[in-house]
Amino acid sequence: INAGAAVLAAESWDLFGPEKMILGESGRINLLIADDRESTTTSIIPMTYSNGGSSNTNFVVESVVVFLDLHHYSRGDVEIVLKSPQGTESVLHPGKLPENDQLEITEEDMVDEEDRWKLLTVRNWGESLAGDWTLSITDLKEGHKEDCV
């Protein structure tokens, strides 16, 4: 390895600015997830980035984190897929997993932040943020939690 050449090359790199976090929020939706693998529930969040009042479609994505409050009798049966505006699909949760944990519901019928699903993908590295992001949820196994492992 030529360390001198590496340092020389690094001096001419165009650096990214400071890291920024952009938040898109759907709010409470309460969509029903059908107990049928042929039926998919979707939520769409349009995303834009505004820098000082002007819209900037050149914001580059490094990673995407999805926080999801999901009430389902067997979360191991649920497949969750995120689709970017450019069409890249990321399987955030593959379903067909031998787990049947359920989230605890508080008195206000909201999920505690600690119980919220946090799903991450880096498949969108280098893509533009701007456009509609689609989250799709499909129940891959019919039945109740007693039928799960």
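The values are calculated or read from the model by the stated rules, or taken from the named source; none is laboratory data. Small disclaimer: the values here were computed from a predicted structure and weren't measured. Because the Cβ atoms are built from the backbone with ideal geometry, glycine has one as well, and the counts that use them run over all protein chains shown. These area figures cover heavy atoms from the full protein model, side chains too; ligands, DNA and RNA do not enter into them. Shrake-Rupley method; radii C 1.70, N 1.55, O 1.52, S 1.80 Å.
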| Total residues in the range 27-41, condition open to solvent by 60 Å² or more (accessible area, probe 1.4 Å) and among the small types (Gly, Ala, Ser) | 0
| Taking Leu8, is it in a helix (DSSP H, G or I) and out of contact with any helix residue (DSSP H, G or I) (no Cβ under 9 Å at 6 or more places or on another chain)? | yes
| remark: Of the residues in the range 72-117, those that are modelled with pLDDT under 55, within 17 Å of Leu32 (Cα to Cα) and charged (D, E, K, R) come to Asp109
| note | Of (1) modelled with pLDDT under 80; (2) exposed (fewer than 10 other Cβ atoms within 10 Å of the Cβ); (3) among the aromatic types (Phe, Trp, Tyr), Trp13 fails just (1)
| query | What are the residues in the range 1-25 that are within 30 Å of Leu140 (Cβ to Cβ) and in contact (Cβ under 8 Å) with a residue 24 or more places away in the chain, if any? | reply | Gly24
